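The values are calculated or read from the model by the stated rules, or taken from the named source; none is laboratory data. Treat the numbers as computed from the prediction; the structure is a model and nothing was measured. Don't worry about glycine lacking a Cβ; one is built from the backbone with ideal geometry, like all the others, and counts go over all protein chains shown. The accessibility values were calculated without ligands, DNA or RNA, using every heavy atom of the protein model including side chains. Shrake-Rupley method; radii C 1.70, N 1.55, O 1.52, S 1.80 Å.
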Amino acid sequence: MGYSFIYLFCVLVLLMLALRFFLPFFIYLFPVLVILWIIKAIFRSRKRTHQSKEDQAYYEQHSSYQNQQATYQNHQSSDPDIIDVDYKVVDEEDNTQ
């Protein structure tokens with residue numbers, strides 16, 4: 001019972017030794033980690049910006065294609081003179097002799 005303070009003292013000494021050797025390492029490592037985190041955030045934001053530009057271009061292209069289809073269908077349905085005919089080849093003559 002009377003020796004519990006010795007164990008506490010040993011733990012304290014080991015903790016102080018660990019901090020003595022590892023704390024300077026972490027002090028020098030912390031700014032490097034912060035700089036790497038900032039660089040990563042910059043590249044991530046650029047990547048998102050680039051992806052959003054590609055997404056916007058795809059959306060504009062897709063919407064213009066849909067608008068063209070809608071315009072064609074509206075024009076086709078409003079003009080009674082246009083007849084929609086599907087062509088298919090029934091008999092194709094062989095020209096090789």
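For the pair E60 and W37, label points projected 7 Å from Cα toward Cβ lie 3.7 nm apart.
Applied to the range 20-37, the Karplus parametrisation 6.51 cos²θ - 1.76 cosθ + 1.60 on θ = phi - 60° returns per-residue 3J(HN,Hα) values of 5, 8, 9, 5, x, 4, 5, 5, 7, 7, 4, x, 5, 5, 5, 5, 5, 5 Hz, with x for Gly and Pro. Within the assembled protein chains, the solvent-accessible surface assigned to Y58 is about 140 Å², based on a 1.4 Å probe.
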